[in-house]
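The values are calculated or read from the model by the stated rules, or taken from the named source; none is laboratory data. Just so it is clear, the model here is predicted, and its values are computed rather than measured. Cβ sites come from the backbone with ideal geometry, for glycine too, and all protein chains shown count toward neighbours.
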Amino acid sequence: MSSNGLRGITSRFQVHQPSGVCKTSTTVSLLLLSLWVPPAVCSLICGSSIFRRRFSRTKNQSEERAGHVDRFYLFVSLFGSFFFQAVVVTIAQGQLLADDNPDNSISDLYWVWLIRPMPATFVLFMAYICPALYLESALEMQCVEGVLGMFTIGIYDDIRKGVRGADILQPGVKPIRDGAKLGFAFWILSFLVAFAVLVLLKIGMMRGKPLDGTPIRLWTGWSIISNMIRTIAGFLIWAGVAQVDQQGFCPSLSATGGIAAIAFAGALVDHGWRAYFCVLDGTTMGPVNSVWR
């Protein structure tokens with residue numbers, strides 16, 4: 001019999017919609033994997049350096065203004081991407097799961113949807129097909145998702161605390177516990193590394209030196225590792241919940257289709273936004289891929 005804590009965890013994932021199809025641990029994992037396809041396709045189309053440089057508004061900036069202008073554009077690019085992914089896309093997709101769903105609300109579904117496995121790590125590996133074309137955009141996605149992960153500590157902590165010792169005997173509970181512990185522990189580590197990167201970045205700026213590749217390598221390296229860990233944690237939690245309550249996550253086909261459509265439209269807008277503000281020849285982060293050659 002499940003404890004109150006475990007029931008509290010699974011209740012956050014409850015989706016029962018008309019004509020809904022209940023997901024097993026396998027099918028929910030396949031659903032989450034399928035949502036990586038739209039961003040991957042958009043990355044191939046809109047994430048290339050050729051497209052970005054044709055679309056960028058920074059290509060005509062004078063050299064004397066490059067330093068502070070590039071920093072501003074870089075901030076606008078990444079902050080806008082973060083806001084769009086964290087607020088617009090996630091809320092819109094969460095609302096589709098909340099529609100015609102008497103058992104849950106957007107407030108819970110938003111947070112559990114935020115810990116789903118996200119596509120940046122897959123897009124990064126795909127970018128190595130042609131790093132000169134795709135690596136810069138893929139590393140930007142890593143940074144955005146790395147910051148996005150900083151806001152998930154609360155849900156990881158709630159899930160971690162909700163699992164009791166006796167619950168481990170129930171199939172599916174151990175992956176939930178391990179995923180929550182992994183996500184929570186690595187959040188602490190990633191926060192410390194991110195703080196160290198910001199300190200190094202600030203020291204470099206205060207000394208008036210051009211920013212070399214070291215802070216960028218640290219930042220993107222932290223983001224890559226953090227996102228890989230969060231991807232594993234997300235699959236463990238979602239698959240574990242589906243195994244514990246096989247009748248709990250039952251979205252309709254229209255909801256899953258809408259989520260996929262939002263993922264594609266969101267990826268197009270995100271790539272267009274970052275391309276418009278991408279840094280071409282500045283002294284800060286761009287082109288990012290040159291740091292990793």
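Which ones in the range 20-47 are part of a helix (DSSP H, G or I) and among the small types (Gly, Ala, Ser)?
Looking only at the range 20-47, we keep the residues that are part of a helix (DSSP H, G or I), and these are 25-34, 37-46.
The answer is Ser25, Ser29, Ser34, Ala40, Ser43.
Name the single residue, out of those in the range 173-195 being crowded, with 19+ Cβ neighbours inside 10 Å and modelled with pLDDT of 85 or more, that is farthest from Leu114 (Cα to Cα). So the residue we want is Val173. Cβ-Cβ contacts under 8 Å between residues 6 or more apart (or on different chains), taken from a first residue in the range 84-106 that is over 22 Å from Asp270 (Cα atoms) to a second residue that is buried (at least 17 other Cβ atoms within 10 Å of the Cβ) and among the charged types (D, E, K, R), are listed as Asn104/Arg12.
Quick check: is even one residue across the range 141-151 within 13 Å of the chain's Cα centre (by Cα) and acidic (Asp, Glu)? Yes, the range 141-151 has at least one match.
Filtering the range 91-112 to residues that are of a type outside the set (Gly, Ala, Ser), surrounded by fewer than 22 Cβ atoms within 10 Å (Cβ to Cβ) and assigned to a helix (DSSP H, G or I) leaves Ile91, Gln95, Ile106, Asp108, Tyr110, Trp111.
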